[in-house]
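The values are calculated or read from the model by the stated rules, or taken from the named source; none is laboratory data. A quick note: this is a predicted structure, and the numbers were derived from the prediction, not measured. We place every Cβ from the backbone using ideal geometry, glycine too, and count neighbours over all the protein chains shown.
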Amino acid sequence: MNGCILILVALGLSIVFGLMGIINFAHGIFYMLGAYAGWLTIQLTGSFWLALLTAPAAVGLVGALVERGVLKRIYGTKNASFAGVLVTYGLAIMIPDLVRMTFGRPGKPFAVPEALTGSLFRLGAIDVHAYRVFILVVTAVLMPLLWLLLNRTNLGLVIRAGTSDNLMVQLLGINVARTWTITYALGAALAAFAGVITAPLVAVAPEMGGLVLIECFIVTVVGGMGTFLGVVAGGLLIGETLALTGMLYDVLADVVIYLAMALVLLVRPRGLFGQEGMSEE
Amino acid sequence: MSPITRRTLLKTLAGGGAATAVSGFPFVNRLALGQQAIKLGVVVPMTGPMALEAQEMLAATQIAVEDVNAAGGVMGRKVESVIRDSEFKPEVAKRKATELIEVEKAPFLVGAIVGFEGIAMAEVGCKNDVIVSFFGQNFLTVKGKMCKYQFGNNLTPYQTAAAAAHFVDAQKLGKKWHMLANNYSWPQMFERAYSLVAKQVGADWTGVTWAPLGTRDFLPFLPKVAAAKADVVFITTWAADQVACAKQVQEFGLAKQARVIHSITELTFAEAAGAGVYENFYSGMPWYWHLKDKYPAAKRYYDRHMALRKRAPSGYTASTYSTVRLLLETANEVKSLETDKVTRALEGRKFQHLKGPEQIRACDHVNMQEVFLCKGKPASAMKDAWDFFDIVQSVGGETTSESCEGEGFDPKKPLSQQI
């Protein structure tokens with residue numbers, strides 16, 4: 001499960017960094033907001049399936065507002081990258097507190113949808129539950145769709161071109177500002193989707209975005225900043241490393257992902273699929 | 001009636017002044033100081049991940065202070081809480097504690113929910129010879145790490161673990177034990193306690209499966225837990241980790257092959273997990289709101305907390321109430337705010353607030369008290385939004401506490417004479 005969640009959250013983080021050059025500390029809050037938006041939808045409609053659609057849409061809109069209302073103001077300014085870190089870090093502190101003030105008590109109950117409860121089959125010592133298979137299938141379906149979006153559409157072409165050479169794309173007369181907004185919103189929506197599908201298994205709480213963000217930074221560094229394949233490979237590697245260490249040698253589970261990152265950086269500093277020159281400015 | 005002349009007025013004022021001087025200063029003192037409130041310094045994380053727990057504890061503090069004031073205050077003076085936000089950061093907790101002592105002249109400090117805040121506050125209190133009493137678990141009862149002015153009515157990790165272990169033994173739930181825990185210092189203290197009690201009662205301790213703090217997916221760790229083939233699995237996790245763990249342990253079906261016992265839980269965790277998630281799990285707590293049906297004082301506290309916060313009080317809020325009340329009542333009884341005097345009076349002090357009789361053990365300042373082992377109810381059996389558990393048994397007193405010798409203290413001497 002971990003690998004799937006990491007891929008979904010880290011993908012947005014990586015695309016935003018690749019295109020906009022922003023180390024987005026606010027990304028974890030979209031994951032958290034997704035879980036809360038999902039909870040709210042279920043409270044209002046009783047439908048988990050509707051929550052899978054409304055939460056990413058609502059949080060994507062929040063992402064667009066953040067990009068338009070806040071981040072836009074720092075583009076092109078002196079030390080924009082550093083300002084981006086400060087601004088997004090500020091949002092990452094402020095928004096969880098706003099959520100606490102709005103939703104009150106810590107934690108919101110979020111059950112596995114009735115149709116996906118129970119075990120499907122047994123794998124070794126573990127009963128494989130329908131809900132975990134659902135997470136796996138959904139991620140497996142989403143990944144090719146996202147690949148198609150990034151590689152076979154005009155929007156994807158602009159995003160990829162912008163990731164490679166942002167200035168050139170602007171010189172070609174393409175409306176980069178709109179692309180940035182769409183990209184940021186897409187990243188937020190993906191994180192929110194991950195938040196909804198994780199919510200039945202974890203505690204829905206304002207601080208849930210903090211830890212996932214750290215792991216996603218590791219995924220993007222290991223996989224290579226700004227690359228689709230890198231995120232998928234990094235997510236699977238880190239997720240599986242965590243899982244296998246938990247099974248085989250639990251006392252190392254605390255440090256193993258940092259060791260994996262150190263090892264990859266020693267052998268290949270740009271990450272597994274990173275391009276030379278990316279993030280070296 | 002003759003008019004008051006200037007001479008008569010001067011004579012009267014001079015006479016009054018002389019009378020005051022002869023009768024001494026108490027009259028003057030009462031006028032000058034009697035109305036001045038005693039400041040109780042409170043440091044809790046009002047912002048950050050524990051912000052809402054902090055609000056609950058502030059409500060408990062308010063109720064305790066109101067109770068003490070209603071009973072005449074401390075030495076006839078009103079008590080006033082002076083609250084500071086630790087921001088969930090040890091350096092801020094330290095700064096705010098110092099400010100309360102140096103600027104506000106607070107004679108006592110209370111607060112701290114988590115360990116690092118407690119350590120920070122204790123350092124400041126002990127350096128300035130001011131009593132510090134914790135709201136969170138009282139975990140500093142290891143010689144060399146504490147000073148003679150540290151107190152706390154909440155449970156120690158040893159008490160919590162020992163209560164769960166003795167409960168398992170008394171209920172004959174099984175003799176093969178294992179623990180699943182987050183890997184940091186607080187759960188590590190439970191490992192020691194469980195392994196010691198296992199030896200005492202002849203149980204087979206199969207060790208611990210450690211999951212990192214902040215684990216989102218516990219599933220990879222559960223096969224190792226299952227492979228231990230234990231009769232009883234103790235789970236020592238906290239907050240979001242406990243909620244995720246409870247959900248996934250239920251999903252994994254661990255409760256079908258072993259008795260699952262959360263060493264300690266809070267009402268808020270059961271609420272966050274949702275109705276029925278704690279079903280069939282046992283959980284330890286320092287207090288549970290069902291005690292309102294047994295103790296009238298607990299009923300009064302429950303009603304007032306409900307009025308203030310619109311929700312049932314948790315075990316930790318009850319410990320907070322007791323911590324504040326005990327400290328202030330003791331100061332009132334010895335008619336002093338002097339740290340040494342109040343410390344000596346607290347050592348060995350017996351009291352009863354919201355549950356059965358309690359006593360601060362003199363040799364280590366641990367509160368000898370009951371621990372409540374509760375069983376999670378199915379969603380269908382819940383009578384209201386907070387009715388997650390039923391109390392199964394209370395375990396308490398000396399049986400659940402490590403001996404003072406075991407902690408490295410002299411059992412015959414009060415702690416204040418040992419450090």
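Some points to look at:
- Number of the condition not met by B:LYS224 [criteria: (1) in contact with a strand residue (DSSP E or B) (Cβ under 9 Å, 6 or more places away or on another chain); (2) more than 10 Å from chain A (Cβ to nearest Cβ); (3) surrounded by fewer than 23 Cβ atoms within 10 Å (Cβ to Cβ)]: (2)
- For B:GLN250, the conditions (1) outside any loop (DSSP other than H, G, I, E, B); (2) more than 7 Å from every other protein chain (Cβ to nearest Cβ); (3) touching a strand residue (DSSP E or B) at 6+ places or on another chain (Cβ under 6 Å); (4) not small (Gly, Ala, Ser) are fulfilled apart from (3).
- Breaking point among (1) within 14 Å of chain B (Cβ to nearest Cβ); (2) at pLDDT below 90; (3) under 17 Å from the mean Cα position of the chain (by Cα), for A:TRP180: (1)
- Candidate set from region B:200-215 (those that are at negative phi and not in a strand (DSSP E or B)); member that is nearest to the other protein chains (Cβ to nearest Cβ): B:PRO212
- Verdict on B:THR323 being out of contact with any Leu (no Cβ under 7 Å at 6 or more places or on another chain), touching a residue at least 60 places away in the same chain (Cβ under 8 Å), buried (at least 19 other Cβ atoms within 10 Å of the Cβ) and not assigned by TED's automatic domain parsing to the domain that holds B:PHE167: yes
- Just one residue in the set A:ALA188, A:ALA194 is modelled with pLDDT of 90 or more, away from chain B (no Cβ under 14 Å), surrounded by 14 or more Cβ atoms within 10 Å (Cβ to Cβ) and part of a helix (DSSP H, G or I); that residue is A:ALA188.
- Cβ separations smaller than 7 Å between residues 6+ apart or across chains give the following pairs from region A:70-86 residues that are farther than 22 Å from A:LEU213 by Cβ to residues that are surrounded by 12 or more Cβ atoms within 10 Å (Cβ to Cβ) and of a type outside the set (Lys, Arg): A:THR77/A:ALA83.
- Taking region A:71-92 as the range and being at pLDDT below 90 and farther than 17 Å from A:LEU19 by Cα as the test, only A:LYS78 passes.
- For region A:167-185, the candidate set comprises residues that are free of Cβ contacts under 8 Å to residues at least 12 places away in the same chain and not in a helix (DSSP H, G or I); within that set, the residue that is surrounded by the fewest Cβ atoms within 10 Å (Cβ to Cβ) is A:GLY173.
- In the set B:THR400, B:THR330, only one residue is modelled with pLDDT of 95 or more and crowded, with 16+ Cβ neighbours inside 10 Å; that residue is B:THR330.
- Here is the figure for region B:300-320: residues that are at positive phi and either buried (at least 16 other Cβ atoms within 10 Å of the Cβ) or outside the structural domain of B:LEU52 (by TED's automatic domain parsing) (or both) total 0.
- Among the conditions (1) out of contact with any strand residue (DSSP E or B) (no Cβ under 6 Å at 6 or more places or on another chain); (2) within 29 Å of B:GLN62 (Cβ to Cβ); (3) not β-branched (Val, Ile, Thr), B:GLY284 misses just one, which is (1).
- Region B:44-72, subset within 14 Å of another protein chain (Cβ to nearest Cβ) and farther than 19 Å from A:MET94 by Cα, residue surrounded by the fewest Cβ atoms within 10 Å (Cβ to Cβ): B:ALA59
- Lone qualifier among B:LYS355, B:LYS383, B:LYS341 - being over 27 Å from B:ALA165 (Cα atoms) and assigned to a loop (DSSP other than H, G, I, E, B): B:LYS383
- Selection within region A:203-261 - small (Gly, Ala, Ser), farther than 24 Å from A:ARG160 by Cα and in contact (Cβ under 8 Å) with a residue 12 or more places away in the chain: A:ALA203, A:ALA205, A:GLY209, A:GLY210, A:GLY239, A:ALA243, A:ALA260
- Unmet requirement for A:LEU123, which otherwise passes all of (1) of a type in the set (A, V, I, L, M, F, W, C); (2) under 22 Å from A:ALA55 (Cβ atoms); (3) exposed (fewer than 15 other Cβ atoms within 10 Å of the Cβ); (4) within 14 Å of chain B (Cβ to nearest Cβ): (2)
- Scanning region B:332-342 finds no residues that are under 30 Å from B:SER416 (Cβ atoms), under 21 Å from the mean Cα position of the chain (by Cα), assigned by TED's automatic domain parsing to the domain that holds B:VAL65 and of a type in the set (Gly, Ala, Ser).
- Qualifying residue in region A:215-234 (condition: within 11 Å of chain B (Cβ to nearest Cβ), touching a helix residue (DSSP H, G or I) at 6+ places or on another chain (Cβ under 8 Å) and within 20 Å of A:ALA253 (Cα to Cα)): yes
- Per the listing A:LEU44, A:LEU52, the residue uniquely more than 14 Å from chain B (Cβ to nearest Cβ) and surrounded by fewer than 16 Cβ atoms within 10 Å (Cβ to Cβ) is A:LEU44.
- Of all the residues in region B:45-71, those that are closer than 19 Å to A:ALA205 by Cβ, of a type in the set (Gly, Ala, Ser) and not in a helix (DSSP H, G or I) number 1.
Yes/no matrix, rows are residues, columns are (1) in a helix (DSSP H, G or I); (2) away from chain B (no Cβ under 13 Å):
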{"position": "A:PHE110", "(1), (2)": "no, no"}
{"position": "A:TYR131", "(1), (2)": "yes, no"}
{"position": "A:ILE135", "(1), (2)": "yes, no"}
{"position": "A:TRP147", "(1), (2)": "yes, yes"}
{"position": "A:LEU155", "(1), (2)": "yes, yes"}
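- Residues within region A:66-79 that are surrounded by 15 or more Cβ atoms within 10 Å (Cβ to Cβ) and either in contact with a Ser or Thr (Cβ under 9 Å, 6 or more places away or on another chain) or assigned to a helix (DSSP H, G or I) (or both), tallied: 6
- Residues located in region A:242-258, provided they are of a type in the set (A, V, I, L, M), within 23 Å of the chain's Cα centre (by Cα) and in a helix (DSSP H, G or I): A:LEU242, A:ALA243, A:LEU244, A:VAL256, A:ILE257
- Taking the criterion of being within 13 Å of chain A (Cβ to nearest Cβ), part of a loop (DSSP other than H, G, I, E, B) and within 17 Å of the chain's Cα centre (by Cα), the residues of region B:261-275 that qualify are B:THR265, B:GLU266.
- Region B:229-247, residues that are touching an Asp or Glu at 6+ places or on another chain (Cβ under 9 Å), facing chain A (nearest Cβ under 10 Å) and at pLDDT 90 or above: B:GLN242, B:ALA244
- So B:VAL395, is it in contact with an Asp or Glu (Cβ under 9 Å, 6 or more places away or on another chain) and outside any loop (DSSP other than H, G, I, E, B): yes
- Qualifying residues in region B:276-299 (those that are closer than 25 Å to A:SER119 by Cβ and crowded, with 20+ Cβ neighbours inside 10 Å) - the one farthest from the other protein chains (Cβ to nearest Cβ): B:TYR282
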